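Below you'll find the structure, written out as structure tokens, and then a few comments.
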Amino acid sequence: MSVITIERKILEKNDEVARQNRELFANHDLFVLNLVSSPGAGKTTLLERTIEMLRDTLKIAVIEGDVQTDLDARRVAKYNIPAVQILTRGGCHLEANLVREAVTNLDLRGVELLIIENVGNLVCPSNYDLGEEMKVVVASTTEGEDKPLKYPAMFRNASVLIINKIDLLPYINCSLTALRDNALKINPSLTVFETSCTSGAGVRAWCDWLVENARRKPAS
Amino acid sequence: MHELSIAQSIVDIVGQYVAPEQAGEVCTVNVRIGALAGVVPDSLTFCFTAITAGTPLAHATLAVDFIPYRVSCAACRTTSRAEPGLALCPHCGSAETAVLSGTELQVVDIELNSVTPEQR
């Protein structure tokens, strides 16, 4: 019996491509977000409201990740912004190499903010660095206040939490305070926004934060 | 179900250490999986068996060392096992904690038999 010591990260290949992506994004002065949530939390609608509000302020590009169909890319392409669809064809998450490929199909000239909408899934995408600056997790009130406790890795790895569908609070059994507190128990440094993409509530605060961060260039 | 792509990454890494003709000698692949890595050990071993079937690694077993989630607390200076993901210290409730373990996702080593299964 002999033993060969390896001691390597299983996802090192993905991490290396993510590092290259990060370098490319830095060269383009791009602020890049990895938008994650469970299916149906409202990622694409949030994107639409964001683009509507910022279209004259910030140059935005979008990468849409889905298992199947280009429906989401078509939804955001209506706004005449650079958008490209990644189909994972069964895959439950985006990987860095898929993003690298997608980026080659995007016209990044002048783009300040790139939003990568991940596949709707609160488990798998948390492992895969895409080269983003930060992860933004969307949790909707209809999913219940215990989501952060059930899917801790995603909430731990995110920097921003958007609690969406707050307009539905009067009709459902979900405490906004409990949802927020549960998320902060997992990750006390989360920046939290509360939005309704239907009424538009809270979207302005999120957009202001986006502009501020996209314009905050590294001091190089 | 990203265990499948994790299993494939493990096979790829092992392939960098043993030549295909030597792969039949690999009896165990030891990996370290943290409680917060979002990987289900049973699913991972299932996927590993599935993708190595019919390959030189078919006789290799994937052994998972499951690492608990532990935090250290700067406020009460204790280290403890915590509910997966919770940043609060189980002793004093402080949020001034640092993760000690639980995010691992590593290939540790491989064990080889000098005799291939065919020679047994």
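The values are calculated or read from the model by the stated rules, or taken from the named source; none is laboratory data. Note that the structure is a prediction, hence the values are computed from the model and not measured. So basically every Cβ, Gly included, is an ideal-geometry build from the backbone, and we count neighbours across all protein chains shown.
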Among what's in segment B:1-54 and is among the aromatic types (Phe, Trp, Tyr) and in a helix (DSSP H, G or I), pick the residue that is surrounded by the most Cβ atoms within 10 Å (Cβ to Cβ). B:Phe48
For residues in segment B:97-120 being assigned to a loop (DSSP other than H, G, I, E, B) and surrounded by 15 or more Cβ atoms within 10 Å (Cβ to Cβ), which is nearest to the other protein chains (Cβ to nearest Cβ)? B:Asn113
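Taking the condition of being part of a loop (DSSP other than H, G, I, E, B), more than 12 Å from the chain's Cα centre (by Cα) and away from every other protein chain (no Cβ under 11 Å), how many residues in segment A:99-125 meet it?
Start the filter on segment A:99-125 by keeping residues that are part of a loop (DSSP other than H, G, I, E, B), which leaves A:105-112, A:118-123.
Filter once more, keeping what is more than 12 Å from the chain's Cα centre (by Cα): A:105-112, A:123.
Those left that are additionally away from every other protein chain (no Cβ under 11 Å): A:105-112.
Total satisfying the criteria: 8.
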For the condition over 23 Å from A:Asn164 (Cα atoms), out of contact with any Lys or Arg (no Cβ under 8 Å at 6 or more places or on another chain) and either within 14 Å of another protein chain (Cβ to nearest Cβ) or at pLDDT 95 or above (or both), what is the one hit in A:Thr5, A:Thr50? A:Thr5
When only residues in segment B:49-66 that are among the aliphatic types (A, V, I, L, M) and within 13 Å of chain A (Cβ to nearest Cβ) count, which is nearest to B:Gly24 (Cα to Cα)? B:Ala60
Could you list, in sequence order, all residues of segment A:80-107 that are loosely packed, with under 15 Cβ neighbours inside 10 Å and farther than 25 Å from A:Val123 by Cβ? A:Asn80, A:Thr104, A:Asn105, A:Asp107
Test each condition in (1) touching a residue at least 40 places away in the same chain (Cβ under 8 Å); (2) at the interface with another protein chain (Cβ under 9 Å from one of its Cβ atoms) for B:Phe46 and report the one that comes out false. (2)
For segment A:1-98, please list each of the helices (runs of 4 or more DSSP H) lying entirely inside it that holds at least 1 residues being in contact with a Phe, Trp or Tyr (Cβ under 9 Å, 6 or more places away or on another chain) and over 30 Å from B:Ile13 (Cβ atoms). A:43-54
Restricting segment A:171-208 to residues that are under 17 Å from the mean Cα position of the chain (by Cα) and touching a residue at least 40 places away in the same chain (Cβ under 8 Å), the residue that is nearest to A:Asn157 (Cα to Cα): A:Ala183
Condition test on A:Ala178, is it small (Gly, Ala, Ser) and out of contact with any Asp or Glu (no Cβ under 7 Å at 6 or more places or on another chain)? no
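Suppose we filter B:Gly93, B:Gly85 for residues that are modelled with pLDDT under 95 and buried (at least 18 other Cβ atoms within 10 Å of the Cβ); which single one remains? Give the steps one after another, and end with the answer.
Numbers: B:Gly93 fails: buried (at least 18 other Cβ atoms within 10 Å of the Cβ).
Answer to the selection: B:Gly85.
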Out of the residues in segment B:14-43 meeting the condition of being under 21 Å from B:Ser101 (Cβ atoms) and aliphatic (A, V, I, L, M), tell me which one is nearest to the other protein chains (Cβ to nearest Cβ). B:Leu36
Is there a residue being touching a strand residue (DSSP E or B) at 6+ places or on another chain (Cβ under 9 Å) and part of a helix (DSSP H, G or I) anywhere in segment B:59-82? yes
